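Asker: Quick one: structure below, then a few questions.
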Amino acid sequence: MSKTLRGIIHCHSHHSHDSLVGIGAYLNAARRYDLDFILLTDHDTTAGSRELAEAARRSLPKLQVPVAAEYTTSHGDVIAAFFEGEIAAREIEPFFAEARAKGAFLLLPHPYVGHQETEMLAARCDMVEIVNCRTTPTRNQRAAALAGQLGKRAYVASDAHFAHSLGNAVIEVENKGSLRASLSDGAIRWAEPRLTGQFEYGASQLIAAVKLRDAKRFRVLAQRTLKRLTGR
């Protein structure tokens, strides 16, 4: 049994409204970075993780892919993993109740982006994301301080919406016999993550505008992107 497990947490595929990454790109990344697990966390659906798990079963059986998703709650995004089905509740208290009833393992992504009552959320999650590669260093530092203050287990994440960013934050966790046990209790380490450029964030928002058929949003984002590129 390997002493450590290499993997990535918090990333998106074409099942998210703001990403076009295909499942094949994840299999390629797993081979390139010698990954043992991927927590694929599409927005409000476990479809991506289930599709990747099935693809890995056929062509890369060493790759572990638990059911997972990044859910939009009334208090901001919360990642749930290692459960069956979907979580329907979106108000925060019913969400926590349903997630725990289903035995979900909960992670708080980018704590200081889009959340309300961040300390409460962090206290009730199992892990806290202290580096998000799409978030500013200042917010990441605040997240690290919060995790330290609460004594929470920490991880880093690429929050990748494009294939070339999948390796931006690879972690290694001590193998405790199962992936869930390893994330719950194993020592975790990582190399310095590579932060994502703002252009990529803007591009993912353009993708969202197209997939959601939001013409007004697309025009605003396109004009903003053109302005940045031309300096006008």
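The values are calculated or read from the model by the stated rules, or taken from the named source; none is laboratory data. Just so it is clear, the structure is predicted and the values come from calculations on it, not from any experiment. Methodologically, a virtual Cβ is constructed for each residue, glycine included, from the backbone with ideal geometry; neighbour enumeration extends over all protein chains shown.
Asker: In contact with an Asp or Glu (Cβ under 6 Å, 6 or more places away or on another chain), of a type outside the set (Val, Ile, Thr) and within 15 Å of residue 79 (Cα to Cα): which single residue out of 122, 208, 157 fits that description?
Answerer: On the way: 122 fails: in contact with an Asp or Glu (Cβ under 6 Å, 6 or more places away or on another chain); 208 fails: within 15 Å of residue 79 (Cα to Cα).
Answer to the check: 157.
Asker: For residue 18, only one of the following conditions fails: (1) over 19 Å from residue 129 (Cβ atoms); (2) acidic (Asp, Glu); (3) surrounded by 17 or more Cβ atoms within 10 Å (Cβ to Cβ). What is its number?
Answerer: Among (1) over 19 Å from residue 129 (Cβ atoms); (2) acidic (Asp, Glu); (3) surrounded by 17 or more Cβ atoms within 10 Å (Cβ to Cβ), the lone unmet condition for residue 18 is (1).
Asker: Another question about this same structure. Under 8 Å between Cβ atoms, at least 6 apart or on separate chains: pull out the pairs that start in the stretch 188-217 with a residue that is more than 18 Å from residue 154 (Cβ to Cβ) and assigned to a helix (DSSP H, G or I) and end on any residue that is at pLDDT 75 or above and basic (Lys, Arg).
Answerer: Short answer, once both residue conditions are applied: 200/134; 201/134.
Asker: Hey, another quick one. Please go through the stretch 82-116 and give me each residue that is touching a helix residue (DSSP H, G or I) at 6+ places or on another chain (Cβ under 8 Å) and within 18 Å of residue 152 (Cα to Cα), ordered by number.
Answerer: If the condition is that a residue be touching a helix residue (DSSP H, G or I) at 6+ places or on another chain (Cβ under 8 Å) and within 18 Å of residue 152 (Cα to Cα), then 96, 105, 106, 108, 110, 111, 112, 115 are the ones that fit.
Asker: Could you say which residue among 39, 27 is surrounded by 15 or more Cβ atoms within 10 Å (Cβ to Cβ) and within 13 Å of the chain's Cα centre (by Cα)? Quick ask: steps written out before the conclusion?
Answerer: Details: 27 fails: within 13 Å of the chain's Cα centre (by Cα).
That would be 39, the only listed residue that is surrounded by 15 or more Cβ atoms within 10 Å (Cβ to Cβ) and within 13 Å of the chain's Cα centre (by Cα).
Asker: Looking at (1) assigned to a loop (DSSP other than H, G, I, E, B); (2) buried (at least 17 other Cβ atoms within 10 Å of the Cβ), which one does residue 176 not meet, given that it meets all the others?
Answerer: Among (1) assigned to a loop (DSSP other than H, G, I, E, B); (2) buried (at least 17 other Cβ atoms within 10 Å of the Cβ), residue 176 violates only (2).
Asker: Consider the stretch 98-119. How many of its residues are of a type in the set (S, T, N, Q) and farther than 14 Å from residue 72 by Cβ? If you could, list the steps in order and put the result at the bottom.
Answerer: Here is the first cut: in the stretch 98-119, the ones of a type in the set (S, T, N, Q) are 116, 118.
Adding the requirement that they be farther than 14 Å from residue 72 by Cβ leaves 118.
The total comes to 1.
Asker: Moving on to the next point. Restricting the search to the stretch 1-15, which residues are over 22 Å from residue 155 (Cα atoms) and crowded, with 19+ Cβ neighbours inside 10 Å?
Answerer: Initially, the stretch 1-15 is screened for residues over 22 Å from residue 155 (Cα atoms), giving 1, 14-15.
15, the sole residue that qualifies.
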